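Inspection log for the structure reproduced underneath, given as structure tokens.
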Amino acid sequence: MAQIDLDCRHQNCPVPLVQVRKALKKAAIGDIIEVVGTHSASKKEIPMAVEAQGQELLDVKDQGQEWVIRIKKVKEA
């Protein structure tokens, strides 16, 4: 199992969502994708997209001006 870190700070939608989708395609089942960002709309859209794809949303945390979303790939997208 690997962890893929995505730094999407100061990027507006749809860039963070596109980055997450690309990472999910490359990731192996069981890999964790950790996304750090600052755009509030992405914080809402990424979890919805992850669940729509049937992947596991581990958590969404606020860290000051930033947020961190952790996703586990559980099936091929």
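Here, each number is a calculation from the coordinates, and none is a lab measurement. Computed from a predicted structure; not experimentally measured. Every residue, glycine as well, gets a Cβ built from its backbone with ideal geometry; the counts of neighbours run over all protein chains shown.
Couple of notes before you dig in:
- Residues in region 64-77 that are closer than 19 Å to Arg9 by Cβ and touching a residue at least 24 places away in the same chain (Cβ under 8 Å) were compared, and the one that is surrounded by the fewest Cβ atoms within 10 Å (Cβ to Cβ) is Gln65.
- Residue check for Lys43: at negative phi, surrounded by fewer than 16 Cβ atoms within 10 Å (Cβ to Cβ) and touching a Phe, Trp or Tyr at 6+ places or on another chain (Cβ under 7 Å): no
- Index of the failed condition, Ile4 passing every other in (1) touching a residue at least 12 places away in the same chain (Cβ under 8 Å); (2) touching a strand residue (DSSP E or B) at 6+ places or on another chain (Cβ under 8 Å); (3) outside any strand (DSSP E or B); (4) not aromatic (Phe, Trp, Tyr): (3)
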